[in-house]
Amino acid sequence: MSTMGDGTRAVRAGLPEPEQYEPTLPGPVFAAHFHLSGDPTGPYTYGRDTNPTWTHLERAIGELEAPGESVETTVFASGMAAVSAVLLSQARSGDVIVLPDDGYQALPLVRAQLEAYGVEVRTAPTGGDAQLAALEGARLLWIETPSNPGLDVCDVRRLVEAAHAGGTLVAVDNTLATPLGQRPLELGADFSVASDTKGMTGHGDILLGHVACLDPGLAAGVRRWRKVVGAIPGPMEAWLAHRSLATLELRIERQCANALALAEVLAGHREVTGLRYPGLPTDPSHPNAVRQMRRFGSVVSFVLADRETAERFLSALRLAEDATSFGGVRSTAERRARWGGDAVPEGFIRFSVGAENPADLVADVERALAEAVDGG
Ligand SMILES: *Cc1c(COP(=O)(O)O)cnc(C)c1O
């Protein structure tokens, strides 16, 4: 499978060997416990430890994260369950953990929890590989690239090399890119972590997360953490996620092409400032992005004059709903400052580009922009 194209790999990922009269992708297995006589050895004993529907999904994600490699993937009930599993299972009191200061909005909550456990947390921006300066003596470096919502891109290989030289583990939050956009384990990271709520499942209807590792010892720690806290996905969600992966390449191809088309059009509008898309050749993230990314993601961000203009723009859109999250087949957009926490201007828009036809989407955005500006 390692030499095949992403589309071929995606439609077949994690499927069991064909068996006469069995479905291609077996349905969800709803089980709290399994028949088990004698000594309690696996593979399936109790529903908090293992479930065959997870096994299929975990194999599928592993084939996308590290084609041809022996990789271990653990699925979780949400992206935050996966993020916490790495950070909270690795950190010991007295350790130093390095986080980005421009990452996902729940990271400050994790930081507070780590500090309550006696962990020292340092932060630095994603851009300019600024986390390099915070690595001294750290146990783990947490990278989010492209960062959310600012879309800065750091040089993962460079950060990994410096971290490993000092005995520091590296985890990459790969939510925005998905494994079709970049493969952190190939870039040297120890953990590839994602919220599969976003582009991986792509329909905005389930929450899920995963952690993938090449090192069996690190993977065992993550798996043990899932067992301890019980942050397990339901079998139905796991099955829906696996079903969704079959169209991952189709969705991501279209959404990334749409995102570039939208960014190119926005670049020509005077009322749009601070435009960011790592796939735009003029974007400050582009040089790093082309070195490590295979696709540049479905999120475009930009700034409109003020809060009112941004609100008028959002309500004028007909093909993009005003909603948070990203990576789904239906475009969504939001004024990010409404949440607080992110260091962004009041008129900052995070636009998640869906799988609509590009001409329709671009026309809708241009009309909404004109209405938003005229209405002011
Ligand atoms: C959404 C998101 C998360 C958290 O995922 P949930 O599935 O909402 O728990 C973590 N990291 C990034 C970059 C995200 O966008």
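Tabulated values for the structure
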item: Selection from region 103-118 of residues that are within 13 Å of the ligand (Cβ to nearest atom) and out of contact with any helix residue (DSSP H, G or I) (no Cβ under 7 Å at 6 or more places or on another chain); result: Gly103, Tyr104, Leu107, Pro108, Leu109
item: Residue list for region 127-146, filter: within 17 Å of Phe191 (Cβ to Cβ) and within 13 Å of the ligand (Cβ to nearest atom); result: Trp142, Ile143, Glu144, Thr145
item: Unmet criterion (only one of (1) more than 16 Å from the ligand (Cβ to nearest atom); (2) surrounded by fewer than 18 Cβ atoms within 10 Å (Cβ to Cβ)) for Pro67; result: (2)
item: Count of region 319-376 residues which are farther than 16 Å from His203 by Cβ and touching a residue at least 40 places away in the same chain (Cβ under 8 Å); result: 29
item: Every pair of residues 6+ apart whose Cβ atoms lie under 9 Å, when the first sits in region 127-149 and is farther than 16 Å from Ile97 by Cβ while the second is polar (S, T, N, Q) and open to solvent by 20 Å² or more (accessible area, probe 1.4 Å); result: Asp129/Asn288; Thr145/Asn288; Asn148/Gln105; Pro149/Gln105
item: Residue ID - farthest from Ala259 (Cα to Cα), chosen from residues in region 150-181 that are within 11 Å of the ligand (Cβ to nearest atom), open to solvent by 10 Å² or more (accessible area, probe 1.4 Å) and in contact with a helix residue (DSSP H, G or I) (Cβ under 9 Å, 6 or more places away or on another chain); result: Asp173
item: Matching residues in region 70-87 - criterion: being assigned to a helix (DSSP H, G or I) and open to solvent by 40 Å² or more (accessible area, probe 1.4 Å); result: Met80
item: Residue within region 334-347 that is open to solvent by less than 10 Å² (accessible area, probe 1.4 Å) and in a strand (DSSP E or B) present; result: yes
item: Matching residues in region 189-207 - criterion: being without any contact (Cβ under 8 Å) to a residue 40 or more places away in the chain and within 12 Å of the ligand (Cβ to nearest atom); result: Ile206
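Conditions tested, residue by residue: (1) of a type in the set (A, V, I, L, M); (2) farther than 22 Å from Asp152 by Cα; (3) in contact with a Leu (Cβ under 8 Å, 6 or more places away or on another chain); (4) open to solvent by 60 Å² or more (accessible area, probe 1.4 Å).
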| position | (1), (2), (3), (4) |
| --- | --- |
| Ser89 | no, yes, no, no |
| Gly94 | no, yes, no, yes |
| Leu99 | yes, no, yes, no |
| Gln105 | no, no, no, yes |
| Val110 | yes, no, yes, no |
| Glu115 | no, yes, no, yes |
| Val119 | yes, yes, no, no |
| Ala130 | yes, no, no, no |
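The values are calculated or read from the model by the stated rules, or taken from the named source; none is laboratory data. None of the values given here were measured: they were computed from a predicted structure. Please note: Cβ atoms are built from the backbone with ideal geometry, for glycine as well, and neighbour counts cover all protein chains shown. Ligands, DNA and RNA are stripped out before the accessible areas are found, and what is left, the full protein with its side chains, is counted by its heavy atoms. Shrake-Rupley method; radii C 1.70, N 1.55, O 1.52, S 1.80 Å.
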